[in-house]
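None of the figures in this text is laboratory data; all of them are computed from the coordinates on show. What you see is a predicted model, and the numbers here were worked out from it, not measured in a lab. With ideal geometry, Cβ positions are generated from the backbone for all residues, glycine too; neighbour counts draw on all protein chains shown.
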């Protein structure tokens with residue numbers, strides 16, 4: 001995990017999750033999302049994060065060839081960069097979207113899947129937790 005995307009506080013709930021073969025390489029600290037058939041992938045902008053990767057892995061040649069630990073707790077808080085722009089105190093208490101595998105989109109709230117619980121304006125960082133109700137899709 002980069003030193004920027006570190007766990008700030010909270011107790012992680014770590015679950016092993018199989019990685020989809022179409023995923024980009026996953027780094028510790030990446031948002032991960034559901035791919036096909038119950039496998040995970042490195043999250044892209046606008047995807048719903050099911051957790052934060054706790055391991056790094058290269059993309060497997062077949063679905064499920066590798067499994068990583070993922071923090072699925074919505075009570076943990078992580079430090080992330082904005083994908084663009086400058087953070088401000090006005091962001092605290094608002095919801096926003098994933099900006100990329102290791103960033104937050106401070107200008108979008110289509111999915112409202114991340115809650116900003118604090119900012120570090122000096123270093124342009126956000127403290128975010130996942131919003132449980134916004135991070136999973138229905139079966140149909």
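For the reader, a short list of remarks on this structure follows.
- Normalising the average separation of contacting C-alpha pairs (under 8 angstrom, six or more residues apart) by the number of residues puts the relative contact order of the chain at 25 percent.
- Range of Cα positions in the chain per principal axis (Å), largest first: 44, 35, 27
- Cα-projected label distance for residue 67 with residue 8, points at 7 Å along beta-carbon direction, nm: 3.2 nm
- Going from the fewest other Cβ atoms within 10 Å to the most, the residues 6, 74, 135 appear in the order 6, 74, 135.
- Inter-label distance, residue 15 to residue 107: 3.4 nm, where each label sits 7 Å from its Cα along the C-beta direction.
- Extension gain from residue 24 to residue 45, taking 0.36 nm per residue of separation minus the Cα-Cα distance: 6.2 nm
- Residue with peak Gaussian network fluctuation, the chain [Cα springs, cutoff 10 Å], from 54, 42, 102: 54
- DSSP beta bridge pairing in the chain, given as percent antiparallel to the nearest 5: 90 percent
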